[in-house]
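Input: a single structure, listed below in structure tokens.
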Amino acid sequence: MPTTTPGPELPVVTVVHAPACHFCDDAQQALAAFATRFAFSVELVDAEEPRGAALMATHRAPMFPLILIDGAFFSSGRLPRKKLHKLLEARAPLVA
């Protein structure tokens, strides 16, 4: 019986966003740019949905967007691009 080696798990970036939030729009654009280099998945959650409100309350995020990496707090407010780049270099496979 052949065995398969599972590939590395892709990081999951969760973005809790609000309507008319320019930091949210900026974060989504930055993530799209990072996606051209690194393999990861993005999950968008509306802050007005029950799950989005619960995530905001759990992580006590003072600003939008709330960014989680694999469910752990990463940032809120303006996306720290250099910090995210370092994390993705360490954890995400390169796009072929």
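The values are calculated or read from the model by the stated rules, or taken from the named source; none is laboratory data. As the structure is a prediction and not an experimental result, all values here were calculated from the model. In this analysis, Cβ positions are derived from the backbone assuming ideal geometry, glycine residues included, and neighbour counts consider all displayed protein chains.
Starting from segment 67-85, keep only residues that are at pLDDT 95 or above and assigned to a helix (DSSP H, G or I), then list their pairs with residues that are of a type in the set (F, W, Y) and crowded, with 17+ Cβ neighbours inside 10 Å whose Cβ atoms are within a distance under 7 Å, requiring at least 6 positions of separation or different chains.
Pairs found: L84/F34.
On the basis of being out of contact with any helix residue (DSSP H, G or I) (no Cβ under 7 Å at 6 or more places or on another chain), over 18 Å from E9 (Cβ atoms), surrounded by 11 or more Cβ atoms within 10 Å (Cβ to Cβ) and hydroxyl-bearing (S, T, Y), does S41 make the cut?
Details: out of contact with any helix residue (DSSP H, G or I) (no Cβ under 7 Å at 6 or more places or on another chain): yes; over 18 Å from E9 (Cβ atoms): no; surrounded by 11 or more Cβ atoms within 10 Å (Cβ to Cβ): yes; hydroxyl-bearing (S, T, Y): yes.
In short, no.
Mind checking which residues of segment 39-59 are hydroxyl-bearing (S, T, Y) and touching a Gly at 6+ places or on another chain (Cβ under 6 Å)?
none
When residues of segment 29-38 are filtered for being part of a helix (DSSP H, G or I) and surrounded by 16 or more Cβ atoms within 10 Å (Cβ to Cβ), how many remain?
Let us first name the residues in segment 29-38 that are part of a helix (DSSP H, G or I), namely 29-34.
Adding the requirement that they be surrounded by 16 or more Cβ atoms within 10 Å (Cβ to Cβ) leaves 30-31, 34.
Residues that pass the stated criteria total 3.
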